1. What value in Å³ per residue do you get for the convex hull of the alpha-carbon atoms in the range A:196-334?
2. How high is the FRET efficiency from B:Glu41 to D:Asn71, r the C-beta distance, R0 45 Å, rounded to 0.05?
3. Distance check, please: which entries in A:Lys279/B:Lys154; B:Lys272/B:Lys329; A:Lys73/A:Lys243; D:Lys172/D:Lys297 exceed 32 angstrom between their Cα atoms?
4. Sort shortest first the distances from D:Ala145 to its counterpart in every other copy, using label points 7 Å along the Cα-to-beta-carbon line, and give them in nm.
5. Just to check I understand the Karplus step: with θ = phi - 60° and J = 6.51 cos²θ - 1.76 cosθ + 1.60, what whole-Hz values come out for the range D:234-240, glycine and proline as x?
6. Counting only Cβ atoms, what residue of chain B lies nearest to the axis that sends chain B onto chain C, and how many whole Å off?
7. Ignoring GluC sites (Glu not before Pro) that are buried or in helix or strand per DSSP, and keeping those with at most 14 other beta carbon atoms within 10 Å, what is the longest stretch of chain D between them?
8. May I ask for the net charge around B:Arg307, where only other residues with Cβ less than 10 Å from the Cβ of B:Arg307 are counted and Lys, Arg are +1 while Asp, Glu are -1?
4 protein chains.
Amino acid sequence: MNSFGTLFRITIFGESHGPSVGINIDGCPAGIDISENDFLEDITRRQGGTQVGTTPRKEADIPIFLTGVFNNKTTGAPLTIIFENNNTRSGDYEKQKAIPRPGHADFTASQKFGGFEDYRGGGHFSGRLTVCVVAAGVVAKKILAKVNKNIVCKAHLKEVGGETDIENGIAKAIQAGDSVGGIVECVVKNLPIGLGEPFFDSAESLISHAVFAIPAVKGIEFGAGFAAAKMFGVAHNDAIQNKEGLTLTNNAGGIVGGITNGNDLTFRIAVKPTSSTPKMQQTYNSETESIENFSVKGRHDLCIALRVPVVLEAVTAIVLADLLLLTQKVERIF
Amino acid sequence: MNSFGTLFRITIFGESHGPSVGINIDGCPAGIDISENDFLEDITRRQGGTQVGTTPRKEADIPIFLTGVFNNKTTGAPLTIIFENNNTRSGDYEKQKAIPRPGHADFTASQKFGGFEDYRGGGHFSGRLTVCVVAAGVVAKKILAKVNKNIVCKAHLKEVGGETDIENGIAKAIQAGDSVGGIVECVVKNLPIGLGEPFFDSAESLISHAVFAIPAVKGIEFGAGFAAAKMFGVAHNDAIQNKEGLTLTNNAGGIVGGITNGNDLTFRIAVKPTSSTPKMQQTYNSETESIENFSVKGRHDLCIALRVPVVLEAVTAIVLADLLLLTQKVERIF
Amino acid sequence: MNSFGTLFRITIFGESHGPSVGINIDGCPAGIDISENDFLEDITRRQGGTQVGTTPRKEADIPIFLTGVFNNKTTGAPLTIIFENNNTRSGDYEKQKAIPRPGHADFTASQKFGGFEDYRGGGHFSGRLTVCVVAAGVVAKKILAKVNKNIVCKAHLKEVGGETDIENGIAKAIQAGDSVGGIVECVVKNLPIGLGEPFFDSAESLISHAVFAIPAVKGIEFGAGFAAAKMFGVAHNDAIQNKEGLTLTNNAGGIVGGITNGNDLTFRIAVKPTSSTPKMQQTYNSETESIENFSVKGRHDLCIALRVPVVLEAVTAIVLADLLLLTQKVERIF
Amino acid sequence: MNSFGTLFRITIFGESHGPSVGINIDGCPAGIDISENDFLEDITRRQGGTQVGTTPRKEADIPIFLTGVFNNKTTGAPLTIIFENNNTRSGDYEKQKAIPRPGHADFTASQKFGGFEDYRGGGHFSGRLTVCVVAAGVVAKKILAKVNKNIVCKAHLKEVGGETDIENGIAKAIQAGDSVGGIVECVVKNLPIGLGEPFFDSAESLISHAVFAIPAVKGIEFGAGFAAAKMFGVAHNDAIQNKEGLTLTNNAGGIVGGITNGNDLTFRIAVKPTSSTPKMQQTYNSETESIENFSVKGRHDLCIALRVPVVLEAVTAIVLADLLLLTQKVERIF
């Protein structure tokens, strides 16, 4: 389903080429200041329109507060935020129905929804919907700040196309005339101890559940992650130094037994190359019943990973807001 | 919470040194043949007692069907399976309460539950509970087989301590007198197309959610995974070859847009070294209020990853059983 | 929370005097024909503007399909329907904040949400939101019809102010210059056997859960209901007549052991008198800190029960759509 | 499904003639004193073995704490309580499979579960499982007491067979040689204001959801309930008297807008006559394919309503414990 969360529950809706995309937040505490301006920084970061390697498509992306806001504060009733889709060219997509683009959800969506899906621009599967996640993330970050204003949830691009010098990675992709993948890292400082449940709702379980909702994510690792698989125990275990649980190293990434331990929460995600590449590709045309070559025209990001950090922060903040409510570390009225 | 799943919902309970550990399956279809013998192979695989690198602790691990089975078939009512804990030496643990073991949940559990947790042998956080997951996995695999008897869900150890020759990896650990991590890969063949939901309940989301419930898992990657982050788009995209969606390559790991595409579902997980290492370690003693050195005595696995494959298969089968029910690919009465 | 359902899950949002009210349906099967016209009959029934005893407030109540509809069919992605609020006079309410109206949610909402709630016109607690429920009910009824076109879900007003001649009941209220309560009955014919789960999700549990979301409902009874408490067993038990489970009588109201038995599903609800009465009433003014007399001005229904039948049908159809999906009696693609 | 609750979630399992019945409580706060003795009073009340009109079947009904208790306190991990079934005579039931008893779940269970259900003694549908609900209620009552030791949750039998003098009602049934129904009322004093959510999780919604899980319940009404349907507004509205929300009357039954208002929570339920009556009845025999007369032999309650009060208290306390956690009126560690 298109919902996530127990006490801070988001429901996402909309299609790339429909009238609007939006998000509903149920369980949002009452009394949080909400104004359009609070959203602009993160929304602008997501647009990434001025960065090399991102699509020139620009949308106003003004959040419209449909419900749940009164006198510029949240009311405790469901908060609905929508974004209108202004800048769509549906004509681009009509002819593509029979030609599922490799790497896109075209084929699987069509199989799952019997051909009734809105296939224009990826429809409900479009990265466009991440603007809604970013908006919910802005609200979630406000909740984190109420617990402790020193909680900082920051994600950054760590690697593009295997290069830690990101500009080099992008340059390689431009030179190759192809899209490219990347790695994004997220660090959250000053979280309280005790978030996460022992078995199925471990902090890692909930974060990864939400993170894999971000289109193009294909892997996640906490702390030392995959490197831990190559390590010996004594090197991997983080020695506890004081009664607050500070550890000498942080190979656990701030989570032990599925529960936050008060050290920095750190994890990285693998973002695949943008599925829409300018290169010639092969796919199966269900109308002509033959394999054909084609290339994707139009405005597309060369490296979608460039736009992921703010979305990853948002998703992380959303999970943490829910966990903070679940463990009663934050009030229901501000 | 200690539950997972929507239509095939498991709830896990128990502690390492309590009278028993168990699992409840709600929503299990009626009419599935259930006998003790069906469980022995997977339970034995999990014990791993004869393998080098695994603990010599042996438990009978006979599944006891408490509810939901009648005339050796599931009834459609909640199915409860318990395992008695016979082979426990609680005396080992009494003195350790003040000394949280690095890498274990001792510290976080104590903080979360206010010191009321059953700390003996890891209590509810013990790997002992994975025997329950394995049992539920046996039931889940039967459901998969009802959809298509060619569905095969298999996990295997791919790497230990960085070595693809697993015996070498274990030998290194024995030589080092330390525990060691590993990588486990899972492949599921012949799954139907269409499992998974577009946004928050993508197949990757649900699988990773469940997988991070397995103690010691610190990373997961689907298909090309982290390698995708280094790739160009044309190399990563899997070219579609026919109307069934067969692809030339399988960098997506069988999931596109969060939905299975009919190709092999493939993913790998990173398992950290067993937290209990024979090596001397440092931790903070809350009674003496000082850092102290200690080493873990007793029976412990050198490489917990050796025992993970069957647990990973179980978790995967559990998620897939739920997804098959959600998408009506399997009946509620067999 | 403001959601209901497992596989056909609705989330309701909005306030009486905000820009709009709306509903999101997640899990709606794909391929259902959707046009504005399909909604008009039920929406008009709910308005009840021409009936004696109902408020003259008229709203266009045109459903706006924000998401999830493409080429006039549902897509399988979340379906969002909103209704704009055109006809609001917020000035009426500003001065009332300190004076909680008896029978209304003013006091409890203010206590729960710390005074941040949108108190204008009942805000999120307004009967206005039932237009959204009616819209979701229209979609749910289409799902019922796909299972069996003979399934009929009909509710009617059975009693007003104790009178089974409804016009008499209304006349009594007009004469008394007061609002009045009523009883609404719902009957669903030709349902399949087997809907509902044995324990906590009995058909009665789910229906009553949803029904008590309708403002002003204070009781529900299935089949013989409260009369059953006065009966002997042999008179109450419904004798089974054939292998399809047809019974001689229907004191069970079509549900036995929490599961539908194929006979007519029948239940009644008690609707309290409209809280807004023209009569002088007493309440506590938190500003003056004294009890004061006041009467409610403005446009209000004399008998809210008159408008409830279509809402009750909607709620019932929503529950049944979910149960039909849960028991695989209806497909996910039409 | 067989679960109920969000933060204090119970899962019930077992069959009348299986080895045991049980309940799992997930989300139970840590540090609650738990001893066998705490359960005996309520379990004994449920047995009702010494009352006229109740079955002479006696079971030891000793709660066995399988998991989640350590040093006589809850640990915060899932709490599992089972009761062994000692006193069963399965032979009584074997021949009845083809003869569904009117008023029982025999027919619907068989249809729903394809004949795989454990039909002995009602199987999973047996009133036997209410002993598990009572046990969970004991734990829930302890949570209520932590919020305010003056919270009192009490249910009593109000009417039997239409007689408010209960002994008269029972005498009538004995004279008639038949089973008889009754009405049970529940009152909860000193609850905090603010429990319940505006729309789908109103306090009435959640209570009625849980209450209809009790076998034989066919109706529920809050406050004035069905009588409200006959009332005028000014008589029904409860005038607010002070800033704590005390009302002159309590026709609302302590819930307005779905949210508790601090006045006594009051509601009544209708309990149908025990389905097993000594009288001759008619049903359809699926083996002989004909209608036949039969009467139920064996030990059965004449008036099941006699045993319901303690179960109703338990169910109510369970719902309230969850609502108290949801609204952060009670801690997660005691």
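Read-outs: derived from the displayed coordinates by stated rules, not from any lab. Remember, it's a predicted structure, so these values are computed and weren't measured experimentally. Reconstructed Cβ throughout: ideal geometry from the backbone, glycine too, with neighbour counts over all protein chains shown.
1. 198
2. Values: r = 38 Å, r/R0 = 0.84.
Working from the Cβ atoms, E equals 0.75.
3. Those over the limit are A:Lys279/B:Lys154; B:Lys272/B:Lys329; A:Lys73/A:Lys243.
4. In nanometres, ordered from closest: 4.5, 5.1, 5.7.
5. 3J(HN,Hα) across the range D:234-240, in whole Hz: 5, 7, 7, 4, 9, 5, 7.
6. Nearest residue, distance rounded to whole Å: B:Gln328, 3.
7. On the way: sites that count: D:Glu244, D:Glu287, D:Glu289.
Free of exposed loop sites, the longest segment is D:1-243.
8. Result for the neighbourhood of B:Arg307: +1.
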